[in-house]
Amino acid sequence: MKIATRRSPVSRAVLLPRSQAGPALFLAAVLLAMLTAVAPGARAAGGLDEAAAALKKGPVYVDPRASAELSAADAGALAKKIKDSGKPVFVAVLPKAAEYQPSTLLKDLRTKTGISGVYAVELGDRFNAAADGRVMSRNSVRNLVGATQRSDYASTKERLDSFVDTATQQASGHEPASWGGDSGDGVSTGALVGLGALVVVGGGGAFALHRRSKKKRAEEERAALEQLRVVVDEDITAFGEELDRLDFQPGEPGADDAMRADYTHALDAYESAKSAMARAERPGDVEQVTKALEDGRFALATLAARRTGKPLPERRVPCFFDPRHGPSVADAEWAPDGAAPRTVPVCAADQARLADGQEPMARTVQTEYGQRPYWDAGPAYGPWAGGYFGGGMLPGLLMGTMLGSVLMGPSAYASDFGGGQQGAEGGDVSGSDFNPDDFSGGFGGGDFGGGGGFGDSGGGFGGGDW
């Protein structure tokens, strides 16, 4: 005898059309995480694993041993501020302890949490932060951390409040789904179940909005890459013409192994630039192309010095006004229209022009307003300039220009320039797949180490007390 079975209402609810199954399953998983999460007021034993687990569930974690630095009420208020902003900003307050290694703490915390975002850590009486490149550019993090460290706040609460106020304004992306929205101590499990039902019903629309946002970003990146391709192809062609004009044969009289090595290095750089451009899929990939061209031009300058018996050139960045002019030979004062003077690296020809009161021979590119110098042509040129000049010096050189303002902020292309990972936006789960350079290093020397590790290399927390 067949026994008739009757599906429960819950069973019927999950039999969704295939087109909605993906979003619904995702949101159901989020709901399950909300229902099984540790209560917000619970205190864990401490340690890096506990910190990462807590940050997956909420934006603020205070190690029990550091509770005197930030009270539960202050931590709750800070968490509410971050969640109200909807931005992926994580804050950890930790004690000086063996399990929190200063030199790798930011990188390890980001790895174990596995979510792209801005990570701020108070370690004992020291503060530092770092971010994924797509969430906030490396220069923005460095400047923000430096300003926070130098402000000499009277308490941890004041320091973290100040940092979060600015970070939530500048950060790109969205809060992680695993935070579960506003689910404080007063929200019951029954209420969460009711909210979860509404979330599942509306999940298709939210998922569609997210997909449209990512599609729009991909279209913008493709358009920016095509804009860059014209300029980069001109650069590659110009370098190829330099090689063609070079009157050097590896077997000619007087040629030695060092000359042949320089020549081979230049040829390899040319091929590397062409291959990198052929592989480029987004604006940030262009940085590798211009980096190869800069390297190849220096090899040619070295070869020329060897052939003429002159001293080998100092390794310097290219001429600021047009990298095709080759390595710079000096620094000169210059000011863009309406901005303050600054010192820029220049080739011999532009040095002479500036000394005579003439305009330098600037590299111009096509824009919707006609031909403009590259520093006034928009954010897409951040990666292009980054390969030639390196990321650390560019904001200072370009201060007061359109590109300079982009590099000082969280623009998508500025963060590409800084090296963010490709697929994950702020708040997305990427696990350990992220650019470790975003979470290590710093200004070096005696400067503050914003955006770096806590070790004494790279300007982090460091010091003899560790």
query = List pairs: first in the range 319-341 and closer than 16 Å to R363 by Cβ and touching a residue at least 60 places away in the same chain (Cβ under 8 Å), second part of a loop (DSSP other than H, G, I, E, B) and small (G, A, S), Cβ under 8 Å, 6+ apart or cross-chain?
reply = F320/S328; P336/G400
note = For the range 240-267, pairs from a residue that is closer than 21 Å to H325 by Cβ to a residue that is of a type in the set (A, V, I, L, M, F, W, C) and part of a loop (DSSP other than H, G, I, E, B), with Cβ under 7 Å and 6 or more apart or across chains, are Y263/F248
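Tell me yes or no: at least one residue of the range 295-305 is in a loop (DSSP other than H, G, I, E, B), in contact (Cβ under 8 Å) with a residue 40 or more places away in the chain and more than 27 Å from L228 (Cβ to Cβ).
Of all residues in the range 295-305, those in a loop (DSSP other than H, G, I, E, B) come to none.
No, that holds for no residue.
Taking the range 354-375 as the search range and keeping residues that are of a type in the set (D, E, K, R) and open to solvent by 40 Å² or more (accessible area, probe 1.4 Å), which one is nearest to D235 (Cα to Cα)?
Taking the range 354-375 first, the residues of a type in the set (D, E, K, R) are 356, 359, 363, 368, 372.
Next, from what is left, pick out any that are open to solvent by 40 Å² or more (accessible area, probe 1.4 Å): 356, 359, 368, 372.
Working: D356: 28, E359: 22, E368: 21, R372: 17 Å.
Only one residue tops the list, namely R372.
Can you name every residue in the range 101-121 that is touching a Ser or Thr at 6+ places or on another chain (Cβ under 9 Å) and over 15 Å from A167 (Cα atoms)? If you could, list the steps in order and put the result at the bottom.
At the first step, the residues of the range 101-121 found to be touching a Ser or Thr at 6+ places or on another chain (Cβ under 9 Å) are 103-104, 106-107, 110-112, 114-116, 118-120.
Scanning the range 101-121 gives S103, T104, L106, K107, R110, T111, K112, G114, I115.
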key: Selection status of F239, aromatic (F, W, Y), in a helix (DSSP H, G or I) and modelled with pLDDT under 85   = no
query = Scanning for something within 24 Å of E226 (Cβ to Cβ), of a type in the set (D, E, K, R) and open to solvent by 40 Å² or more (accessible area, probe 1.4 Å), does the range 256-277 turn up at least one residue?
reply = yes
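Go over the candidates A330, A349, A362, A355 one by one and state the one that is more than 33 Å from the chain's Cα centre (by Cα) and within 24 Å of E242 (Cβ to Cβ). Let's see the steps before the verdict.
Working: A330 fails: more than 33 Å from the chain's Cα centre (by Cα); A362 fails: more than 33 Å from the chain's Cα centre (by Cα); A355 fails: within 24 Å of E242 (Cβ to Cβ).
It is A349.
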remark   = Residue hits (the range 349-396; at pLDDT 85 or above and in a strand (DSSP E or B)) are T364, V365, Q366, G370, Q371, R372, P373
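The values are calculated or read from the model by the stated rules, or taken from the named source; none is laboratory data. Just so it is clear, the model here is predicted, and its values are computed rather than measured. In this analysis, Cβ positions are derived from the backbone assuming ideal geometry, glycine residues included, and neighbour counts consider all displayed protein chains. The accessibility values were calculated without ligands, DNA or RNA, using every heavy atom of the protein model including side chains. Shrake-Rupley method; radii C 1.70, N 1.55, O 1.52, S 1.80 Å.
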